[in-house]
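We did not get these values from a lab; they are worked out from the coordinates using the rules stated. This structure is a prediction, so every number in the text was calculated from the model and none was measured. Glycine also receives a Cβ, built like all others from the backbone with ideal geometry; neighbour counts cover every protein chain displayed.
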Amino acid sequence: MKPIGVFDSGLGGVSFLREAVKKLPNESFIYYGDNKNAPYGDKSEEEIERLALGCTEFLTEKGVKAIVVACNTATGSAINLIRERVELPVLSVEPAIKPPSDMGGQGKILMLATAATTKMARYHELKSRMKEPSRIIDVPCSGIADIIENGVFDPKAYETILDEKLSGYKGMEIDAIVLGCTHYIFISEAISEYAARNFKGSCTIYDGNEGTARRLRHVLEEKNMRELGSERGSVTFYTSGDYEKYKRIFDMLMARQR
Ligand code: DGL
């Protein structure tokens, strides 16, 4: 049986991969991190589109049976084009603003993402379909993915940069914080701690990984593409960057719970 291909600009998509392996333990996965070109979040949409198509080509050449774009930024600029170019099922992550919007509430929803995502037409169209779009505050977080790409996960290392991005909302009532970039899931502890110290409200954290992994399982079942054997599948890592450096961080992230 063929593997499932997952890609991201770098290591953020590993947060999705962990979720997918949990839900589909018998499937094999190929992960491709475009670490050489990360971060995507400060690049132009045209450049992101070109890079995302390159990742897609890499995975199709490996013979995958489905592709997951585990990068909100790549989804925003290239998902339509990817779907036009490949005949495989293509799934993707997107900022999970719907669950907290549907919950309703008086407080705001902070949507943390790359600068590129916060500017994209696709994201604004998604937001316009929410119950009360004015509850959602977009927070571009340039610089954060770069630190994560270097394998730094100590919450203390993020205090200054989080304050730089979030200090404007101190004292506000925040119902939810949406992690609209797959990298940020690895520092959700630092984000929760910052929120507890500085915001009012429940500050419940949301991300799109679980929903996308569930959808992947559903699509594979629907198309009779599910691996039915009882053996555990394999996970293979590829990168456009320095293999030794990123494989070490990849292994560490796969072993971590959060
Ligand atoms: N992990 C990516 C996302 O979900 C973006 C990080 C970056 O390359 O800037 O948007």
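Pick out which of Leu59, Leu112, Leu88 has the largest mean-square fluctuation in a Gaussian network model of the chain, springs linking Cα atoms closer than 10 Å. Among Leu59, Leu112, Leu88, the largest GNM mean-square fluctuation belongs to Leu88. Between amide H atoms placed 1.01 Å from N, distances below 5 Å from Ile205 occur with Ile177, all of them 5 or more places distant or on a separate chain.
If you keep only loop residues by DSSP, which trypsin sites (Lys or Arg not before Pro) in segment 135-193 have at most 14 other Cβ atoms within 10 Å of their Cβ? In loop regions of segment 135-193 (DSSP not H, G, I, E or B), the sparsely surrounded trypsin sites (Lys or Arg not before Pro) are Lys170. Phi angles of segment 110-120 translate, via the Karplus equation with coefficients 6.51, -1.76, 1.60 and θ = phi - 60°, into HN-Hα couplings of 8, 10, 8, 7, 6, 4, 4, 4, 5, 9, 6 Hz per residue; Gly and Pro are given as x. Karplus-derived 3J(HN,Hα) values for segment 209-223, using 6.51 cos²θ - 1.76 cosθ + 1.60 with θ = phi - 60°, are 5, 4, x, 5, 5, 5, 5, 4, 4, 4, 4, 5, 5, 4, 8 Hz; glycine and proline are entered as x.
Farthest toward the positive end of the dipole of the chain, out of Ile67, Ser230, Ala145, is the Cα of Ser230, where the dipole comes from beta carbon charges about the Cα centre. If you build a Gaussian network model of the chain, linking Cα atoms that sit under 10 Å apart, which residue out of Glu227, Glu27, Glu84 swings the most? Among Glu227, Glu27, Glu84, the largest GNM mean-square fluctuation belongs to Glu84. Beyond 18 Å in Cα-Cα separation lie the following of the pairs Lys108/Lys165; Lys98/Lys200; Lys65/Lys247: Lys98/Lys200; Lys65/Lys247. Between Glu159 and Glu222, the contour length at 0.36 nm per residue exceeds the alpha carbon distance by 18.2 nm. The long axis of helix 188-198 is offset from the longest Cα principal axis of the chain by roughly 10 degrees.
Stretching Glu125 away from Asp242 to a fully extended chain increases their span by 38.4 nm, per 0.36 nm per residue minus the current alpha-carbon distance. Relative to its Kirkwood radius, the Cα radius of gyration of the chain gives an Rg/Rh of 0.96.
Gyration tensor over the Cα atoms of segment 59-145: the corresponding equivalent ellipsoid has semi-axes (square roots of 5 times the eigenvalues, largest first) of 28, 14, 11 Å.
Which angle from 0 to 90°, rounded to the nearest 10, does the C-alpha axis of helix 72-85 make with the longest principal axis of the chain? Compared with the principal axis, the helix lies near 30 degrees. Give me the angle, in degrees from 0 to 90, between the Cα long axis of helix 14-23 and the longest principal axis of the Cα atoms of the chain, rounded to the nearest 10. Value to nearest ten degrees: 60.
Straight-line cross-link partners of Lys62 among the lysines, defined as a Cα under 16 Å from its Cα and at least 8 positions apart when in the same chain: Lys2. Fewest neighbouring Cβ atoms within 10 Å first, the residues Ser101, Ser167 line up as Ser167, Ser101.
I want to check the label-to-label distance for Ser188 and Lys23. Put each point 7 Å from Cα in the C-beta direction and report it in nm to one decimal. The answer from the label model is 1.4 nm.
Within segment 121-163, whose backbone N sits under 20 Å from a point 7 Å along Cα→Cβ of Met252? Taking a point 7 Å out along Cα→Cβ of Met252, the residues of segment 121-163 whose backbone N falls under 20 Å are 143-162.
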